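For reference, the structure discussed in these notes is given below.
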Amino acid sequence: MPTPPVRTVAVIDDDRRVLTSLANLLASGGYGTRAYESALDFFSAGDSGLVCVITDLGMRPIDGIQVLDRTVHSDAATPVIIITGKPSEHTEDYYLQRGALGFFRKPVDGDALLDLLDSIA
């Protein structure tokens, strides 16, 4: 029986602890991870072969909103999940209306995140 292809998720966060934590969570759900400490690194690498992008909001010089806008409007139109540990002036609906697949506050509810990913992958 052939091995199913690895479902790969990109995670963009400038906090290495978050990257490691999410990579471990995703691995437990059967996902591969491409971890990036900046959106610049992510865009340099490209987004081919991804089932989803998970991005932090508060990064520089490119923030999570810019990642969302650029990714959902690209040719690949890869789904994006927004995460944040900081209070936001916007509600979850704001991000969903801009095209986000989901929105989570840190610490992320791992079961809910995996359920959301499983619904699209």
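The values are calculated or read from the model by the stated rules, or taken from the named source; none is laboratory data. The model shown is predicted, which means the values in this text are computed figures rather than measured ones. Methodologically, a virtual Cβ is constructed for each residue, glycine included, from the backbone with ideal geometry; neighbour enumeration extends over all protein chains shown. Ligands, DNA and RNA are excluded from the accessible area calculation, which covers all protein heavy atoms including side chains. Shrake-Rupley method; radii C 1.70, N 1.55, O 1.52, S 1.80 Å.
Annotations for the structure displayed:
- Filtered residues of segment 102-121 (kept if farther than 15 Å from L26 by Cβ and open to solvent by less than 80 Å² (accessible area, probe 1.4 Å)): F103, K106
- Every pair of residues 6+ apart whose Cβ atoms lie under 8 Å, when the first sits in segment 70-82 and is of a type in the set (G, A, S) while the second is part of a strand (DSSP E or B): A76/L50
- Screening D93 against (1) assigned to a loop (DSSP other than H, G, I, E, B); (2) modelled with pLDDT under 95 leaves a single unmet condition, (1).
- Sub-6 Å Cβ pairs linking a first residue in segment 83-99 that is without any contact (Cβ under 8 Å) to a residue 40 or more places away in the chain to a second residue that is of a type in the set (F, W, Y) and open to solvent by less than 90 Å² (accessible area, probe 1.4 Å), at least 6 apart or interchain, are E92/F103; Y95/F103, ordered by first then second residue.
- Any hit, segment 10-19, residues being closer than 22 Å to I120 by Cβ, open to solvent by 10 Å² or more (accessible area, probe 1.4 Å) and either at pLDDT below 95 or of a type outside the set (A, V, I, L, M) (or both): no
- Only residues that are part of a loop (DSSP other than H, G, I, E, B), of a type outside the set (A, V, I, L, M) and either touching a Gly at 6+ places or on another chain (Cβ under 8 Å) or at pLDDT below 95 (or both) were counted across segment 100-121, and they come to 2.
- All positions within segment 44-80 that are buried (at least 18 other Cβ atoms within 10 Å of the Cβ) and of a type in the set (G, A, S): G64
This table checks each residue for (1) farther than 15 Å from L22 by Cβ; (2) hydroxyl-bearing (S, T, Y).
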residue	(1), (2)
I62	yes, no
S74	yes, yes
L113	no, no
L116	no, no
I120	yes, no
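- Failed item in (1) assigned to a helix (DSSP H, G or I); (2) more than 19 Å from R7 (Cβ to Cβ); (3) of a type in the set (S, T, Y), with T71 passing the rest: (2)
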